[in-house]
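> Please see the structure below; I have some questions.
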Amino acid sequence: MLRDIDMKQMQKDPLSPMKQAMAAREFDKAAAIGAKLVRTHPKNVELQLMTSVAELRGTHPRRAFPRLSKLVQSVPASDHHIGMVLQNLIAFARATGDYHSLTTLAEKLHRQNRNQPLFAEYLANVMIEHDKWMSIAPTYSPDLLRAVDLLESIPPNFGRYAQSQHVLAQLYVRVEMVDKALALYEKMVAKTPDDMTLRHNQIAAQALTGKVDPAVCNSLDLIENHNETNTQPYLVVAFLRPQAMPETALPFLEKIHDDTAQHGLHRYNAAFALARTAEVQQDFQTAFGWYQKGHAAHRAMQAYDGIQEASEIDHIIALSEADFASRQAGSPEEILADLAGADDPLSPKPVFIVGLPRSGTTLTERIVGAHSDVYPAGEVGDFARAVAEVVGVGTIAEQMERITPKAARAIRQKYLAAMAGYAPAARMVANKTPANFLRIGQLRKVFPDVPIIHCMRHPLATCLSIYTTPFANPIRFADDLQDLADYYQRYEKIMAAFARTDDTGQIFHLSYEELVADPDTIAPRLLAHCGLDWQAECLEFYRSRQAAKTASLMQVRRPINAESIDKWQRFEPFIGPLAALAGGDDDGGKSSKRRIQAA
């Protein structure tokens with residue numbers, strides 16, 4: 001009887017077995033059923049789509065591409081299935097990392113359908129997707145500039161015009177076309193003021209590009225006049241103008257944090273907004289408690305493996321020491337001549353500014369970047385991207401092992417081309433990516449001839465600033481005070497190893513406290529290390545109109561000051577395992593510098 005019922009169901013719906021396999025998450029089985037059915041139903045678009053979805057979610061995602069490639073070229077642009085086909089192609093690239101095949105196909109579709117805005121939009125989206133897959137941080141990318149042109153070419157009568165404009169506004173921010181981004185957001189918000197996603201993106205763009213007053217005003221408008229339930233505007237007010245936080249906001253934020261059904265990021269934002277509000281009110285115990293709750297909410301979202309992190313750092317140190325021994329046995333002049341043989345003498349040279357987050361890297365870049373010969377590129381991912389494009393993705397240590405002399409030359413040329421893209425007329429381009437301290441071993445293999453500035457600050461000041469800053473991408477090792485203390489010690493360990501193997505004096509170890517105490521002495525030394533003459537404008541960086549995309553946004557718009565040096569002491573009673581980092585002395589933050597340089 002049951003078999004008869006099953007047979008009748010199959011006759012009525014031939015996709016029934018496939019759907020059952022999908023529901024049971026037996027994706028390979030579903031894909032096999034679909035592939036068999038497709039032979040007898042080759043024109044069934046829904047069957048082709050279901051089969052491709054099963055392949056993408058199973059163990060053979062590459063099998064989906066030929067199917068989807070044929071399908072996208074046979075389904076009309078006006079067909080309601082086309083959107084799903086295009087989405088599945090992007091899902092293929094995400095699953096396999098094969099953006100080359102997808103980009104080639106998207107180029108072909110655009111070339112063959114130039115009168116169809118859909119394919120111009122799709123090619124732009126593929127390029128943007130590929131860029132983000134290669135690097136979370138912004139990079140110089142001709143493809144992104146082309147994506148801008150493609151999106152700008154889309155006519156207003158296109159059915160997805162509004163969505164394409166949303167993407168264009170975000171892309172303007174990524175490629176630093178700030179004025180265009182803000183103008184487009186203003187135009188779109190005026191047209192659809194109740195689109196909350198659009199309003200949130202506008203606020204994020206304003207905050208990121210240094211437009212503090214509009215960011216705060218728009219955030220307050222959402223909070224006070226639109227019954228805002230997203231936590232982002234509250235966080236913006238709390239950290240850019242905490243005195244303006246409405247009293248009615250606090251119970252709402254507490255309710256969001258206490259609701260475990262809320263997304264972890266909203267609970268994190270709510271706790272940090274409450275923490276910053278309490279901190280401004282000088283209630284440091286309450287503030288620290290909220291910071292801890294915020295980190296707990298984030299840790300619940302994503303675990304952190306400190307053991308793996310420690311192993312990776314030990315691996316990098318071992319490789320760096322082996323490379324040092326190899327350099328000692330060879331000829332530095334010959335190594336450099338081999339590396340730099342293809343350099344364009346007129347192209348800008350790099351300078352790398354590294355260190356832990358909140359260690360003074362932004363201030364340092366502002367000083368160096370104020371020099372007339374230097375372009376400050378900010379926190380860009382071009383070096384990591386060049387390494388990945390040449391030797392493939394992997395851990396830093398794994399990539400380091402793959403950097404042969406030939407690979408080093410290729411990485412060097414890719415990176416120099418990117419720097420020329422940012423500022424072809426500049427003499428130097430500064431890359432201020434703090435986490436590149438982990439890549440100093442890689443940098444030495446590719447650029448043994450360029451200056452590296454290592455920024456340091458009092459251990460407790462650094463760690464507590466990391467702990468109390470709401471980064472756009474929260475730092476996993478900071479969610480627990482012991483993990484944070486352990487990571488700081490590993491940072492000191494790897495920097496001590498790099499100092500031991502710095503046979504050419506490539507690294508300039510810069511103390512934030514020393515710079516702030518005596519900028520007229522330290523800043524010229526800093527510039528001299530970069531091969532730059534002294535210019536008085538370098539200490540007037542705060543006059544620059546260029547936005548600083550950093551958690552130090554407010555500080556870099558004022559002259560050098562010592563206000564933040566001892567701010568960590570307000571939380572000293574609550575720091576637990578961090579206390580050991582101070583080394584038992586109050587030496588103005590020099591203990592860490594001594595430990596690194598004395599190694």
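The values are calculated or read from the model by the stated rules, or taken from the named source; none is laboratory data. All of these numbers come straight from a predicted model, not from anything done at the bench. When we count neighbours, we look across all protein chains shown, and the Cβ atoms used for this are built from the backbone with ideal geometry, even at glycine. Only protein heavy atoms, including side chains, enter the accessible area calculation; ligands, DNA and RNA are left aside. Shrake-Rupley method; radii C 1.70, N 1.55, O 1.52, S 1.80 Å.
> Please pick out the residue among Asp518, Asp502, Asp533 that is free of Cβ contacts under 8 Å to residues at least 12 places away in the same chain and buried (at least 16 other Cβ atoms within 10 Å of the Cβ).
Checking each option against the conditions leaves just Asp502.
> Please work out which one of (1) out of contact with any strand residue (DSSP E or B) (no Cβ under 9 Å at 6 or more places or on another chain); (2) at pLDDT 90 or above; (3) more than 19 Å from Asn436 (Cβ to Cβ); (4) charged (D, E, K, R) is the condition Arg490 fails and give its number.
It is condition (3) that Arg490 fails.
> Report, by residue number, each residue of the range 279-299 that is aliphatic (A, V, I, L, M), open to solvent by 10 Å² or more (accessible area, probe 1.4 Å) and either in contact with a helix residue (DSSP H, G or I) (Cβ under 6 Å, 6 or more places away or on another chain) or modelled with pLDDT under 95 (or both).
Selection gives Val280 alone.
> Note down all Cβ pairs under 7 Å where the first residue falls in the range 569-580 and is touching a residue at least 60 places away in the same chain (Cβ under 8 Å), the second is of a type in the set (S, T, N, Q) and in a helix (DSSP H, G or I), and they're at least six residues apart or on different chains.
If the second residue must be of a type in the set (S, T, N, Q) and in a helix (DSSP H, G or I), the pairs left are Phe574/Gln285; Pro577/Gln482.
> Still on this model: Arg174 - would you say it is under 30 Å from His110 (Cα atoms) and open to solvent by 50 Å² or more (accessible area, probe 1.4 Å)?
It is false that Arg174 is under 30 Å from His110 (Cα atoms) and open to solvent by 50 Å² or more (accessible area, probe 1.4 Å).
> Quick check: is even one residue across the range 134-141 hydroxyl-bearing (Ser, Thr, Tyr), over 29 Å from Lys432 (Cβ atoms) and either open to solvent by 10 Å² or more (accessible area, probe 1.4 Å) or free of Cβ contacts under 8 Å to residues at least 12 places away in the same chain (or both)?
no
> Looking only at the range 207-228, count every residue that is assigned to a helix (DSSP H, G or I) and either open to solvent by 10 Å² or more (accessible area, probe 1.4 Å) or among the charged types (D, E, K, R) (or both) and tell me the total.
So the count comes out to 12.
> What's the number of the only condition in (1) under 30 Å from Lys36 (Cα atoms); (2) surrounded by 15 or more Cβ atoms within 10 Å (Cβ to Cβ); (3) hydroxyl-bearing (Ser, Thr, Tyr) that Ser78 fails to meet?
Failed condition: (2).
> Regarding the range 371-387, can at least one residue be identified that is of a type in the set (Val, Ile, Thr) and open to solvent by 20 Å² or more (accessible area, probe 1.4 Å)?
Within the range 371-387, none of the residues are of a type in the set (Val, Ile, Thr) and open to solvent by 20 Å² or more (accessible area, probe 1.4 Å).
> Return the pairs, sorted by first residue and then second, in which the second residue is open to solvent by 10 Å² or more (accessible area, probe 1.4 Å) and basic (Lys, Arg), the first residue lies in the range 440-468 and is farther than 29 Å from Trp290 by Cβ, the beta carbons are less than 7 Å apart, and the residues are 6+ apart or on different chains.
Note: pairs meeting the criteria are Val450/Lys349.
> Still on this structure: If a residue has to be within 22 Å of the chain's Cα centre (by Cα) and open to solvent by 10 Å² or more (accessible area, probe 1.4 Å) to count, how many in the range 446-486 make the cut?
Within the range 446-486, residues that are within 22 Å of the chain's Cα centre (by Cα) and open to solvent by 10 Å² or more (accessible area, probe 1.4 Å) number 14.
> Condition first: under 24 Å from Leu581 (Cβ atoms) and of a type in the set (S, T, N, Q). Now tell me which residues in the range 429-459 satisfy that.
Thr433, Asn436 - these are the residues of the range 429-459 that are under 24 Å from Leu581 (Cβ atoms) and of a type in the set (S, T, N, Q).
> Residues in the range 230-258 that are of a type outside the set (Gly, Ala, Ser) and open to solvent by less than 60 Å² (accessible area, probe 1.4 Å): how many?
Counting residues in the range 230-258 that are of a type outside the set (Gly, Ala, Ser) and open to solvent by less than 60 Å² (accessible area, probe 1.4 Å) gives 18.
> Next question. Evaluate the following for Arg114: is it in a loop (DSSP other than H, G, I, E, B) and open to solvent by 50 Å² or more (accessible area, probe 1.4 Å)?
The answer is yes for Arg114.
> Can you find, within the range 231-271, the residue that is nearest to Thr469 (Cα to Cα) among those that are in contact with a helix residue (DSSP H, G or I) (Cβ under 6 Å, 6 or more places away or on another chain) and among the polar types (S, T, N, Q)?
Looking at the filtered set, the residue picked out is Asn269.
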